[in-house]
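Visitor: Please see the structure below; I have some questions.
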Amino acid sequence: MTEHSSTPQDAAQPLSDRVENRSQRPDSAAFQQFMASQWAEAEPTEVERAPVADFAAERRRRISERFPGERLVLPAGPLKVRSNDTDYRFRPHSAFAHLTGLGVDHEPDAVLVLEPVQEGAGDDGGHHEATLYFHPMAGRDSKEFYADAKNGEFWVGPRPTLEELGAAYGLRTRDLGGLEDAVTKNAGPTALGGLRVRLVREVDLNVDALVDTSRINTGVDLESSDALDGELAEALSELRLVKDAHEVGQLREAVDATIAGFTDIVHVLPAAAGHRHRGERMVEGAFFARARTDGNDLGYDTIAACGNNATVLHWIRNTGRVIPGELILVDAGVEADSLYTADITRTLPVNGRYSEVQRRIYQAVLDAADAAFDAAVPGNRFRDVHAAAMEVLARRLESWGLLPVPAEVSLSAAGQHHRRWMPHGTSHHLGLDVHDCAQAKRELYVDGVIEPGMVFTIEPGLYFKAEDLAVPEEYRGIGVRIEDDVLITEDGNVNLSSGLPRTPDEVEAWMTGLWHAREGVDPS
Ligand code: GLY
Ligand code: MN
Ligand code: MN
């Protein structure tokens with residue numbers, strides 16, 4: 001018998017339970033009794049209504065208008081496993097965050113249910129009553145308190161009670177134990193008098209299963225239900241195309257923290273240039289520290305791309321060197337505690353000064369961005385912003401002798417040669433998700449009319465790969481992107497990220513100013 005053979009006892013234990021095999025948790029009645037005793041009374045906390053609560057109520061009222069007489073189910077989603085019993089930090093689904101106002105750390109497994117009532121008799125004159133189903137904090141006399149690593153206060157810290165969360169966010173709150181009944185009662189084919197249920201799918205597989213089982217049991221057609229669920233996802237995405245005042249405030253906070261993060265990057269650049277092989281990681285790390293201190297997290301993985309790495313559009317490995325004389329493209333965004341994120345790119349000269357060819361390319365991208373800003377006004381279409389940037393870039397590439405056809409031909413649908421060096425879009429909506437409103441219809445997104453309150457990026461670039469034989473050698477290995485976050489106003493727009501230098505002269509003066517303010521360090 002080898003030492004690897006399993007005992008009958010091992011064979012009987014499900015694999016999923018075996019993560020417990022490392023621990024020796026006491027289980028005696030005496031221990032349980034002792035653990036449940038002698039805890040100070042929890043301090044009574046005065047719960048204030050969260051500033052977001054009224055905005056979230058208005059968002060719910062608007063979605064209620066779209067779906068009278070139907071039950072709407074929006075899960076927050078579960079904790080996601082990183083490996084075995086170690087989870088990623090929790091982030092609720094964005095549609096759930098938008099309609100509840102709940103941000104960082106709230107509330108794994110929770111589900112928002114909008115229950116139809118008589119038209120106009122619902123919350124705020126709408127057609128639904130909103131209830132949040134979640135797992136409230138258990139008392140210190142419970143086993144959960146000390147033995148449940150996912151929910152217990154001993155493990156994860158205090159969490160809200162039903163009353164606290166209800167008071168803070170202006171929602172009815174119920175224990176998650178009531179969810180099944182709340183989601184399934186009276187549900188069925190509408191032709192037979194049943195209630196239609198729409199679900200935001202693929203957020204929580206347990207809730208998907210609950211709804212699907214109910215549909216199968218009551219004879220509701222699954223395929224047409226999928227389409228109805230899709231319409232809800234689409235409507236929730238489109239609800240976010242125009243931001244309310246609270247959202248704009250949160251985006252401003254995220255942008256300001258991101259600008260501070262770029263200042264940190266300039267400070268760390270001389271040291272990064274001195275790192276023998278992974279200076280890009282030092283840049284990434286400096287920004288991450290800012291994201292975690294001033295906000296909740298990164299809104300997306302930071303791109304810190306020096307030299308030719310900047311021509312790899314999603315360079316998030318960040319394993320390269322930071323080399324004086326080259327450019328470093330940094331695309332980074334702080335996500336606020338409310339989960340709104342900035343999305344900003346600057347392309348900085350590592351030694352604080354652009355070379356002549358670097359400056360030439362940078363200026364072309366900047367001119368394209370400025371043209372895009374001019375086009376980003378109410379009444380224009382979203383696609384006009386991209387077209388304005390492409391017009392500038394195609395003509396500049398033509399003037400440099402790089403286009404194999406006239407700019408007019410390149411700009412036509414049958415040409416597009418200039419896109420070899422600018423293959424991505426110029427803009428995307430920005431909000432709770434870095435690529436916000438992703439389920440919106442094409443006619444409201446790329447073909448949509450720009451409206452006050454929209455927030456999107458303007459981010460043209462030019463990317464000349466080291467191995468690109470279609471351009472002269474001096475261009476090769478240079479990638480430039482300039483990305484700002486723009487708020488559309490009644491009569492134009494505001495660049496939310498204008499606090500970060502954009503022109504080559506401004507960038508140089510800003511970088512050298514920061515270095516000289518700090519012991520006169522200069523990496524060149
Ligand atoms: N950072 C992702 C983007 O710019 O779209
Ligand atoms: Mn972007
Ligand atoms: Mn970006």
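Visitor: Quick one: helix 356-375 against the long Cα principal axis of the chain, what's the angle to the nearest 10°, folded into 0 to 90?
Guide: Once rounded, one gets 60 degrees.
Visitor: Once the convex hull of the C-alpha atoms of the chain is built, how many Å³ does it hold per residue, rounded to a whole number?
Guide: Convex hull volume per residue, Cα atoms: 237 Å³.
Visitor: Relative contact order of the chain: what whole-number percent is it, with Cα pairs under 8 angstrom and at least 6 residues apart?
Guide: 12 percent
Visitor: What is the Cα convex hull volume of segment 2-105 when expressed per residue in Å³?
Guide: So the per-residue hull volume is 236 Å³.
Visitor: In degrees between 0 and 90, to the nearest 10, how far off the longest principal axis of the chain does helix 245-274 point, with axes built from Cα atoms?
Guide: 60 degrees
Visitor: Starting with the fewest neighbours, write out Val365, Val203 ranked by other beta-carbon atoms found within 10 Å of each beta-carbon.
Guide: Neighbour counts put them in this order, fewest first: Val203, Val365.
Visitor: Continuing with the same structure: Tell me which of Ile482, Val455, Ser497 sits at the most positive position along the dipole axis of segment 451-498, charges placed on C-beta atoms (Lys, Arg +1; Asp, Glu -1).
Guide: Ile482
Visitor: Show me 442-452, 416-426 ranked by packing, highest mean number of other Cβ atoms within 10 Å first.
Guide: 416-426, 442-452
Visitor: Also, I was wondering about something else. Where a Cα-Cα gap under 18 Å defines reach, which aspartates and glutamates qualify for Lys441, not counting those fewer than 8 residues away within the same chain?
Guide: Asp226, Asp229, Glu231, Glu234, Glu238, Asp384, Asp433, Glu451
Visitor: So if I place +1 on the C-beta of Lys and Arg and -1 on the C-beta of Asp and Glu, and nothing else carries charge, what would the dipole magnitude of segment 154-282 be about its Cα centre? I want it in debye, nearest 20.
Guide: 420 debye
Visitor: Just how large is the dipole of segment 390-438 about the Cα centre, in debye to the nearest 20, putting +1 at every Lys and Arg Cβ and -1 at every Asp and Glu Cβ?
Guide: In total the dipole reaches around 220 debye.
Visitor: Report the semi-axes of the equivalent ellipsoid for segment 122-212 in whole Å, largest first, where each axis is √(5λ) for an eigenvalue λ of the Cα gyration tensor.
Guide: 30, 18, 10
Visitor: List the lysines whose Cα lies under 23 Å from the Cα of Lys150, skipping any in the same chain that are fewer than 8 positions away.
Guide: Cross-link targets: Lys80.
Visitor: When the helices in the chain are scored as -39500 (n - 2.57) per DSSP H run of 4 or longer and the sum is shared across all residues, what 222 nm value do you end up with, to the nearest 500 deg cm²/dmol? Could you put the intermediate results ahead of the total?
Guide: Values: 16 runs with 190 residues, N = 524.
After summing the helix terms and dividing by the residues of the chain, the value is -11000 deg cm²/dmol.
Visitor: Quick one: net charge of Pro136's neighbours, Cβ under 10 Å, K/R +1, D/E -1?
Guide: My count for the surroundings of Pro136 gives -2.
Visitor: Take each of the peptides 97-103, 158-164, average the number of other beta-carbon atoms within 10 Å over its residues, and list them starting from the highest.
Guide: 97-103, 158-164
Visitor: Counting each pair of different Cα atoms once, what's the Kirkwood radius of segment 287-366 in Å, rounded to one decimal?
Guide: Details: mean 1/r = 0.0743 Å⁻¹.
Result for segment 287-366 stands at 13.5 Å.
Visitor: Now, a different point. Determine Rg/Rh for segment 364-462; Rg is computed over alpha-carbon atoms and Rh is the Kirkwood hydrodynamic estimate from the same atoms.
Guide: 1.00
Visitor: What is the P(r) of segment 156-311, as percent of Cα-Cα pairs per 5 Å bin from 0?
Guide: With 5 Å bins starting at 0, P(r) equals 2, 7, 10, 11, 11, 12, 11, 10, 9, 8, 6, 3, 2, 1, 0.
Visitor: Sticking with this structure for a sec: For segment 174-251, what ratio Rg/Rh do Cα atoms give with a Kirkwood hydrodynamic radius?
Guide: 1.08
Visitor: Roughly what angle does helix 279-294 make with the longest principal axis of the chain, taking Cα atoms, 0 to 90 degrees, to the nearest 10?
Guide: 50 degrees
Visitor: Given N residues in segment 65-218, what is Rg(Cα) / (2.2 N^0.38 Å)?
Guide: So segment 65-218 has a normalised radius of gyration of 1.10.
Visitor: What translational diffusion coefficient, to the nearest whole µm²/s, does segment 449-524 have by Stokes-Einstein, given a Kirkwood radius computed over alpha-carbon pairs, a temperature of 10 °C and 1.306 mPa s viscosity?
Guide: 102 µm²/s
Visitor: For Glu164 and Glu41, what is the calculated FRET efficiency with R₀ set at 22 Å and r taken between the beta-carbons, to the nearest 0.05?
Guide: Plugging the Cβ-Cβ distance into 1/(1 + (r/R0)^6) gives 0.90.
Visitor: A further question follows. Given charges of +1 on the Cβ of Lys and Arg and -1 on the Cβ of Asp and Glu, with all other atoms neutral, how large is the dipole of the chain about its Cα centre, in debye to the nearest 20? Could you put the intermediate results ahead of the total?
Guide: On the way: 52 positive and 86 negative charges, 263 e Å.
Approximately 1260 debye in magnitude.
Visitor: State log₁₀ I(q)/I(0) for segment 449-492 at q = 0.32 Å⁻¹ as given by the Debye formula over alpha-carbon point scatterers of equal weight, solvent excluded.
Guide: -1.04
Visitor: Could you give me the percent of Cα pairs per 10 Å distance bin for segment 385-524, shortest bin first, beginning at zero and ending with the bin that holds the maximum distance?
Guide: In order of increasing distance, the bins hold 10, 29, 31, 24, 6, 0 percent.
Visitor: Still on this structure, please answer the following. If you count, for each residue, the other Cβ atoms within 10 Å and average over each peptide, how do 315-323, 125-133 line up from highest to lowest?
Guide: 125-133, 315-323
Readers should treat all values here as calculations from the given coordinates under stated rules, not as data from a laboratory. Just so we're clear, the structure is a prediction, and the values are computed from it rather than from any experiment. Positions of Cβ are backbone-derived with ideal geometry, glycine not excepted, and every protein chain shown enters the neighbour counts.
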